[in-house]
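Structure first, commentary second.
The values are calculated or read from the model by the stated rules, or taken from the named source; none is laboratory data. Note that this is a predicted model, so its numbers are computed, not measured. FYI the Cβ positions are ideal-geometry reconstructions off the backbone, even for glycines, and counts take in every protein chain you see. With ligands, DNA and RNA removed, areas are computed over all heavy atoms of the protein, side chains included. Shrake-Rupley method; radii C 1.70, N 1.55, O 1.52, S 1.80 Å.
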Amino acid sequence: MEYNFKEIESKWQKKWKDSNIYKTDIIENKQKFYVLDMFPYPSGAGLHVGHPLGYIASDIYSRYKRQKGFNVLHPMGYDAFGLPAEQYAIQTGQHPAITTDKNVNRYREQLDKIGFSFDWNRSFKTCDPDYYKWTQWTFIQLFNSYYDNKNKKARPIAELEFYFAKNGTNDLDIAQTEPQSFTANDWNSASEKEKQEILMNYRLAYLADTWVNWCPELGTVLANDEVVNGLSVRGGFPVERKLMKQWILRVSAYAERLLQGLNDVDWSDSIKEIQRNWIGRSEGAAIWFPLAKQGPSDWKDLYMGHFEGIKNEPAFEIFTTRPDTIFGVSFMVLCPEHEMISSITTPEHKEEVENYVNWAKNRSERERQAEIKKVSGVFTGSFAINPITNELIPIWVSDYVLSDYGTGAIMAVPAHDSRDFAFARHFNLPIRQVVAPSLEEISNPADWNESMDSKTGVCINSGFINGMDVKNAGKAVIEMVKEMGIGYGTINYRLRDAIFSRQRYWGEPFPIYYKDGMPYPIPENELPVLLPEVDQFLPTESGEPPLARAKNWNYNGYTMEFSTMPGFAGSSAYYLRYMDPHNNDALVSKEANNYWQQVDLYVGGAEHGTGHLIYARFWNKFLFDIGVCCKDEPFKKLINQGMIQGRSNFVYRVVGSNKFVSLNLKNDYQTTPIHVDVNIVHNDILDVDAFKNWMPDFKDAEFVLENGHYICGWEVEKMSKSKYNVQNPDDLVEKYGADTLRMYEMFLGPIEMAKPWDTNGIEGVFRFIKKFWRLYFDENGDFSISDDEPTKQELKILHKTIKKIEDDNERFSFNTAVSAFMICTNELLEAKCNKRSILEPLCILLSAYAPHITEELWSLLGFNESVFNATFPVYNEQFLQDDEYVYPVSFNGKMRLKMSFPANFTPKDIEPEVLANPDVLKWLDGKNPKKVIIVPKKIVNIVF
RNA sequence: GCGGGUGUGGCGUAAUUGGUAGCCGCGCCAGACUUAGGAUCUGGUGGUGAGAGCCGUGGGGGUUCGAGUCCCCCCACCCGCACCA
């Protein structure tokens with residue numbers, strides 16, 4: 001029988017579908033294992049060969065785990081809300097739901113052809129109302145919660161109202177937008193609206209004016225991770241800064257837990273490090289610098305010399321990681337957005353400061369980043385007092401201080417901070433060294449080319465911390481400011497709150513209506529709030545989001561929230577929903593969640609390191625706090641599959657002609673490289689006729705060949721249509737079959753490594769599959785299996801392979817596993833082994849990699865049950881033991897000869913044996929060896 | 001600038017974790033069967049040398065009987081962050 005992959009694959013795919021073989025249920029007495037892929041955004045372009053890479057790996061692992069006795073959950077769905085579908089809708093007027101469905105169907109078709117073991121019964125799209133109901137529900141829970149810093153946990157906002165009524169803000173340690181202070185009386189006498197405004201300061205989902213990344217082209221705001229180099233990730237449009245009222249998630253409240261949680265998960269160091277950097281924890285001090293009431297001439301008279309009550313005076317709170325350098329402060333800098341600028345600017349500097357602030361605020365993000373090295377700033381005319389040295393320091397404004405980190409104000413220590421240094425040099429401000437590598441190594445800052453930023457050394461010119469090393473000095477300064485009541489040690493995080501509003505149509509509507517200008521949640525029993533129909537998907541003329549176009553869309557006459565949620569909303573809890581996807585009463589039932597717990601293996605690209613993977617962890621931690629899920633971390637182990645790059649081919653056109661010259665002859669001509677479709681190139685040899693037919697321009701092309709071939713050049717680039725290097729998995733399935741594609745994608749290299757796609761070489765895997773098939777057939781092509789006892793050698797081949805495949809599966813080393821299959825098959829073919837006792841277990845081993853061919857063989861072997869449900873063979877050490885071992889014998893580390901010893905010999909026995917061996921004696925040549933090193937089963941080394 | 005990673009034949013990679021470097025596959029070379037091959041099968045294939053041998057894992061040094069693997073310095077490339085005080 002011929003190996004007819006087309007027939008076999010379509011036959012089994014249909015059978016699997018008809019029998020719903022991949023349906024998963026809770027099985028109480030069986031251990032669970034949850035394998036999840038990052039679900040795809042179904043774009044119009046369909047899948048390319050890079051997409052399935054991770055899916056194939058996770059599918060292999062799922063199948064393997066199942067055969068190892070686990071109840072494996074392996075679902076798949078679609079991240080379906082988002083910009084591309086909506087952009088397309090704006091251009092064509094076609095409803096995004098329709099294009100999304102079309103794309104989803106195409107994806108499903110492509111995925112089905114590859115033979116995945118997904119449980120499609122659990123599938124959903126994030127745009128399904130049954131699902132986004134729970135996205136909306138979670139949002140309401142966030143809205144109705146605050147973060148208790150003391151207990152490190154989200155709590156119901158109702159508790160806070162109760163607390164305010166009793167204590168006001170007294171003794172409160174909770175996450176907040178702005179510091180607030182009021183009494184119980186203040187609270188109790190406040191109006192409903194005032195109360196709502198106060199609560200907004202604490203909600204985990206809150207509405208606030210904020211500086212946003214506004215993308216005019218897309219007509220929406222974007223999160224920090226959606227902007228790269230001042231351009232939108234989707235579309236690459238310029239992004240501006242704009243002050244807007246937005247929904248925001250208080251992700252920052254969870255910064256410390258998000259950081260600590262990284263210690264409990266099994267992720268790669270690189271992605272943990274990316275997240276640590278993104279969270280950006282900095283220890284330091286908050287210190288108040290009071291405003292000097294007058295300028296330098298008589299500051300001494302005005303300075304009080306004591307600091308009680310300083311918090312209530314006009315004072316600037318700064319954050320520094322270097323409190324040890326406080327004696328080196330020579331000026332202060334406020335960010336252009338700082339609210340105190342207008343009140344402190346002296347009349348003679350007013351115009352200049354206003355101009356600067358305006359200029360800085362209106363600069364686009366891209367301009368700002370492009371001119372990052374340019375120093376700019378203005379003096380306000382006012383002075384602050386260094387509370388430790390009592391010195392007057394000028395207050396400047398500059399955009400190198402960011403409004404959304406720390407307090408938007410810094411103490412500048414130019415000697416020990418490169419940015420302050422550049423600023424001081426530019427504006428001729430004093431630079432005073434206060435830290436030196438040692439007391440002997442003090443130099444003159446006037447001679448420096450750069451500041452001394454190192455956080456090591458001893459303090460000099462520094463009053464009471466003179467001579468202390470910087471670490472202790474920092475602590476001492478924090479103690480001092482604490483005692484003085486003007487500061488404290490604190491921790492700052494780079495992680496910002498996440499802006500949660502998008503002024504777009506194709507997203508989850510907020511379950512929010514407005515009463516008296518304040519937002520209120522829609523009652524939970526009225527969810528989901530369905531996405532209303534609109535006549536057009538554009539913003540309204542007044543600049544409102546598209547949802548403002550919806551007719552009769554309100555809640556009991558109250559206005560709805562018109563923005564929609566961002567892409568990450570829907571992808572932040574989908575893994576929980578797969579546990580219980582059809583539940584109408586809860587996001588996930590307690591029962592389902594207690595059984596499936598969390599994702600054991602999550603597979604997806606590293607590009608989500610600072611987006612999805614942070615938001616999902618935040619979201620999960622919140623759901624954990626409110627008791628929806630039982631695990632604090634959503635993804636126990638994470639594998640980041642490397643990006644698949646394209647491998648482009650080039651032809652070289654002789655300038656000014658239609659003549660093309662082969663790669664190695666091109667130096668004799670003046671040529672321009674031109675991308676050529678990789679599908680008409682095989683092993684870098686151009687199919688000349690196909691090339692002529694490829695494009696009208698090349699119809700009359702002439703070629704300068706080498707050895708009768710036209711050799712193309714190649715380069716690794718991004719996979720893209722314009723580079724003609726896109727490989728479609730469907731074409732490969734058509735030509736080689738799904739099993740070959742699956743194995744070739746794994747064979748390409750380690751799963752985590754970025755690698756170029758190169759179809760050259762798939763033939764090798766295809767050959768292997770055909771060879772594997774031949775194992776089960778005789779020379780006449782008839783299925784032929786013998787029930788004879790296997791030989792020792794055959795058992796060794798089998799068990800060596802079982803061990804190797806099991807090890808490789810466990811460490812996700814699928815490329816080496818494929819090699820092991822090839823070796824095993826070659827060895828068995830050579831041994832002409834057709835024994836059932838060998839080929840049956842082998843079929844199970846391979847079934848995770850090549851499910852179709854193994855299913856066919858499994859059924860030919862006489863099984864009714866699918867190989868999917870077979871049990872992974874157990875490897876037996878006994879068969880691996882050799883009768884004798886061959887030891888390489890080396891002299892002084894150089895290999896000289898080989899000696900055989902019985903397997904049960906121990907190194908001790910071997911030593912005299914070795915030295916008595918005639919071959920060894922020859923090498924010893926009468927010399928006494930210094931020592932004989934014997935590594936069991938490995939090597940013997942004799943050292944003179 | 002800071003952080004993380006990678007570097008092995010013509011190419012993708014492997015190396016039992018400190019023990020014979022180059023497994024497996026592509027490509028290439030030779031042969032077999034063929035009217036033919038972008039089919040199939042067999043053998044060869046790191047460099048150099050007639051040869052025993054010598055050289056060889058980005059470069060340099062070190063530890064060790066022994067280093068692709070461990071330590072130090074340098075180089076190249078990739079990824080992430082980037083005025084985060």
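Condition check: open to solvent by 30 Å² or more (accessible area, probe 1.4 Å) and within 14 Å of RNA strand B (Cβ to nearest atom). Does A:ASP269 satisfy that? Here the answer is yes, as A:ASP269 does meet what is asked. For first residues located in the stretch A:605-632 and within 17 Å of A:ASP266 (Cβ to Cβ) and in contact (Cβ under 8 Å) with a residue 40 or more places away in the chain, partners that are within 16 Å of RNA strand B (Cβ to nearest atom) and of a type outside the set (Lys, Arg) and lie 6+ apart or on another chain with Cβ distances below 6 Å form the pairs A:ALA606/A:ILE271; A:ALA606/A:ASN640; A:GLY609/A:ILE271; A:GLY609/A:ILE274; A:ARG617/A:LEU258.
Residues of the stretch A:714-739 that are surrounded by 16 or more Cβ atoms within 10 Å (Cβ to Cβ) and within 11 Å of RNA strand B (Cβ to nearest atom): A:TRP714, A:TYR736.
Given the residues A:GLY44, A:GLY77, A:GLY69, which is the only one that is touching a Ser or Thr at 6+ places or on another chain (Cβ under 9 Å), more than 20 Å from A:ASN869 (Cβ to Cβ) and surrounded by fewer than 19 Cβ atoms within 10 Å (Cβ to Cβ)? Only one candidate passes the filter, namely A:GLY44. All conditions in (1) touching a Lys or Arg at 6+ places or on another chain (Cβ under 8 Å); (2) closer than 30 Å to A:GLU109 by Cβ hold for A:ILE785, with the sole exception of (2).
Pairs are defined by a Cβ separation below 6 Å, a sequence spacing of at least 6 or placement on different chains, a first member in the stretch A:396-422 that is more than 21 Å from A:THR346 (Cα to Cα) and free of Cβ contacts under 8 Å to residues at least 24 places away in the same chain, and a second member that is near RNA strand B (Cβ under 6 Å from one of its atoms) and outside any helix (DSSP H, G or I); the pairs so defined are A:ARG419/A:TYR400. For the stretch A:378-428, the tally of residues that are more than 7 Å from RNA strand B (Cβ to nearest atom) and at positive phi stands at 3. Answer with yes or no whether A:GLU354 is open to solvent by 30 Å² or more (accessible area, probe 1.4 Å) and within 13 Å of RNA strand B (Cβ to nearest atom). Spelling it out, it is not the case that A:GLU354 is open to solvent by 30 Å² or more (accessible area, probe 1.4 Å) and within 13 Å of RNA strand B (Cβ to nearest atom). Which members of the stretch A:643-674 meet the condition of being open to solvent by less than 70 Å² (accessible area, probe 1.4 Å), out of contact with any strand residue (DSSP E or B) (no Cβ under 6 Å at 6 or more places or on another chain) and closer than 30 Å to A:ALA606 by Cβ? Listed by number, the list holds a single entry, A:ILE644.
Report, by residue number, each residue of the stretch A:894-911 that is outside any helix (DSSP H, G or I), more than 9 Å from RNA strand B (Cβ to nearest atom) and open to solvent by 70 Å² or more (accessible area, probe 1.4 Å).
The answer is A:ASN904, and nothing else.
Looking across the stretch A:455-476, the residues that are open to solvent by less than 30 Å² (accessible area, probe 1.4 Å) and in a loop (DSSP other than H, G, I, E, B) come down to A:GLY457, A:ILE460, A:SER462. Beta carbons closer than 9 Å, at least 6 apart along the sequence or on distinct chains, pair a first residue in the stretch A:927-944 that is more than 14 Å from A:ILE910 (Cβ to Cβ) with a second that is aliphatic (A, V, I, L, M) and within 10 Å of RNA strand B (Cβ to nearest atom) for A:LYS930/A:ILE942; A:LYS930/A:VAL943; A:VAL943/A:VAL932; A:VAL943/A:ILE933. The single residue among A:PHE891, A:PHE872, A:PHE812 that is within 15 Å of RNA strand B (Cβ to nearest atom) and buried (at least 19 other Cβ atoms within 10 Å of the Cβ) turns out to be A:PHE812.
Of all the residues in the stretch A:815-833, those that are surrounded by fewer than 18 Cβ atoms within 10 Å (Cβ to Cβ) and away from RNA strand B (no atom under 11 Å from the Cβ) number 2. Out of the residues in the stretch A:740-793 meeting the condition of being in contact with a helix residue (DSSP H, G or I) (Cβ under 6 Å, 6 or more places away or on another chain), more than 8 Å from RNA strand B (Cβ to nearest atom) and of a type in the set (Phe, Trp, Tyr), tell me which one is farthest from A:CYS712 (Cα to Cα). Within the stretch A:740-793, the match that is farthest from A:CYS712 (Cα to Cα) is A:PHE783. When A:LYS699, A:LYS692 are screened for being in contact with a helix residue (DSSP H, G or I) (Cβ under 8 Å, 6 or more places away or on another chain), within 14 Å of RNA strand B (Cβ to nearest atom) and either of a type in the set (A, V, I, L, M, F, W, C) or more than 18 Å from A:SER722 (Cα to Cα) (or both), only A:LYS692 passes. Restricting attention to the stretch A:357-390 and to residues that are within 23 Å of A:ARG241 (Cα to Cα) and among the β-branched types (Val, Ile, Thr), the residue that is most open to solvent (accessible area, probe 1.4 Å) turns out to be A:ILE372. For the stretch A:51-64, the criterion of being open to solvent by 10 Å² or more (accessible area, probe 1.4 Å) and either assigned to a loop (DSSP other than H, G, I, E, B) or in contact with a Cys (Cβ under 8 Å, 6 or more places away or on another chain) (or both) is met by no residue.
Checked against the criterion of being more than 30 Å from A:ASP225 (Cβ to Cβ) and either in contact with a strand residue (DSSP E or B) (Cβ under 8 Å, 6 or more places away or on another chain) or small (Gly, Ala, Ser) (or both), the candidates A:ILE639, A:ILE685 yield just one match: A:ILE685.
Any idea which residue in the stretch A:912-944 is surrounded by the most Cβ atoms within 10 Å (Cβ to Cβ), counting only those that are closer than 16 Å to A:GLU884 by Cα and within 16 Å of RNA strand B (Cβ to nearest atom)?
A:VAL940
Only one of (1) under 40 Å from the mean Cα position of the chain (by Cα); (2) surrounded by fewer than 21 Cβ atoms within 10 Å (Cβ to Cβ); (3) more than 30 Å from A:GLU734 (Cα to Cα) fails for A:THR791. Which number is that? A:THR791 satisfies every listed condition except (1).
I'd like to know if the stretch A:94-106 contains one or more residues that are of a type outside the set (A, V, I, L, M, F, W, C) and within 23 Å of the chain's Cα centre (by Cα). Within the stretch A:94-106, not a single residue is of a type outside the set (A, V, I, L, M, F, W, C) and within 23 Å of the chain's Cα centre (by Cα). Contact map, the stretch A:714-737: first residue within 14 Å of A:THR759 (Cα to Cα), second residue acidic (Asp, Glu) and modelled with pLDDT under 80, Cβ cut-off under 8 Å, separation 6 or more or different chains; pairs are A:ASN725/A:GLU717. Going by the structure shown, is A:ASP119 open to solvent by 60 Å² or more (accessible area, probe 1.4 Å), modelled with pLDDT of 95 or more and over 26 Å from A:LEU207 (Cβ atoms)? Taking the combined requirement at face value, the residue does not satisfy it.
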